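The values are calculated or read from the model by the stated rules, or taken from the named source; none is laboratory data. Given the structure is predicted, the values throughout are model-derived calculations rather than measurements. With ideal geometry, Cβ positions are generated from the backbone for all residues, glycine too; neighbour counts draw on all protein chains shown.
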Amino acid sequence: MSSIRLIIAFACLQASHSFALSITEQIHKYINLVEIPRIATVYPDADIEISLNNQAALSYLPACQDANIQIENQRPNASKRTTYAIHCNSPEWKSFVPVTQSILISAFKVTTPINRGQAITPQNTSIGQVDITSLRGQVYTKSHPPFGLIASRNLRINAFITDKVTKQPTLIKKGERILITARTGNIVVKMNGKALENGIKDQQIRVQNTSSGRIIYAKVVTDSEVLVNY
C-alpha cells in the first residue's frame, strides 16, 4: 500500500513540474497565444516568426514564485524589432528582452526594369514572398495591386513595390480641353472647359469655363472630366 502511495505522490509531483513553466517557456507561450495572433489580425495570410535575442540572459533571472510572470510588448506597432517587459511580483524584479520579428507575405515585385514615370502593369510585375519588416512603406498585394500607378523612380528587377516608389499618373494636363460636370442635388449640368494646371485623380485643380470665362476649382474624375459639387 505504501508503494502505491509513493507512486501516486511521484506522479503528482511530476504533474506539478510539467505546469511550472520556465521564464523562456512562458515568453514563448505569450508569443504563440498573444503576439502572433495579434499580428495575424493585421496580416492574416503572413508567415510570422518571432525570436528572442540574448535568450541566454534569461537563465540568470531569479526564479519567479508567481504562477505566471507578466509580459508586455513595449512597442506593439513596431514591425521588425521590439522589446518585451517581463515582471515578477515574488520575488519582485523586472527585466527587458529584445525581440526580432519576421512577417513574410506575398506582394508584387518587378520582373523587368521599370523607369521613372513608367506605368506599373501585370506585364512588368509578378508576385513574390517578402519580409515586410525589411522594407520602407506599404507593399502592394493581390487584394491591393499597384496597377494604374506609375513609378516615382527607376525600379530594378526583383525590387518589391511599395507606396514609397509609386505615385498617381497625371490624368489631366494644363491647357487640355475638358468636360466640367456641375452637380447640385439631383441637378447635373455639363459644360466645356480648359484645365489651368495638371491634375491627378481626385485632386482639386483650377479649370476655366470656356463659355463664361469663369475660373473655378474642380475635382479630377477621369482623364477628360472634372466634377464640381455645389
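Residue check: is residue 48 within 30 Å of residue 106 (Cβ to Cβ), surrounded by 15 or more Cβ atoms within 10 Å (Cβ to Cβ), outside the structural domain of residue 139 (by TED's automatic domain parsing) and under 34 Å from the mean Cα position of the chain (by Cα)? Spelling it out, residue 48 is indeed within 30 Å of residue 106 (Cβ to Cβ), surrounded by 15 or more Cβ atoms within 10 Å (Cβ to Cβ), outside the structural domain of residue 139 (by TED's automatic domain parsing) and under 34 Å from the mean Cα position of the chain (by Cα).
Tell me, which residue of segment 84-110 that is surrounded by 15 or more Cβ atoms within 10 Å (Cβ to Cβ) and among the β-branched types (Val, Ile, Thr) is farthest from residue 126 (Cα to Cα)? For segment 84-110, the residue satisfying everything is 86. Listed by position, the strands (runs of 3 or more DSSP E) enclosed by segment 79-148 that each have at least 3 residues that are over 21 Å from the mean Cα position of the chain (by Cα) are 81-89, 92-110. When 227, 171 are screened for being part of a strand (DSSP E or B) and in contact with an Asp or Glu (Cβ under 9 Å, 6 or more places away or on another chain), only 171 passes.
Against the test of being touching a residue at least 24 places away in the same chain (Cβ under 8 Å), closer than 30 Å to residue 80 by Cα and not assigned by TED's automatic domain parsing to the domain that holds residue 48, the options 142, 201 yield a single qualifying residue, 142.
Scanning segment 51-83 for residues that are of a type in the set (A, V, I, L, M, F, W, C) and either within 16 Å of residue 32 (Cα to Cα) or surrounded by 13 or more Cβ atoms within 10 Å (Cβ to Cβ) (or both) yields 52, 57, 58, 61, 64, 69, 71, 78. Test residue 147 against the criterion of being surrounded by fewer than 13 Cβ atoms within 10 Å (Cβ to Cβ) and either in contact with a helix residue (DSSP H, G or I) (Cβ under 8 Å, 6 or more places away or on another chain) or hydrophobic (A, V, I, L, M, F, W, C) (or both), and give yes or no. So residue 147 passes the test.
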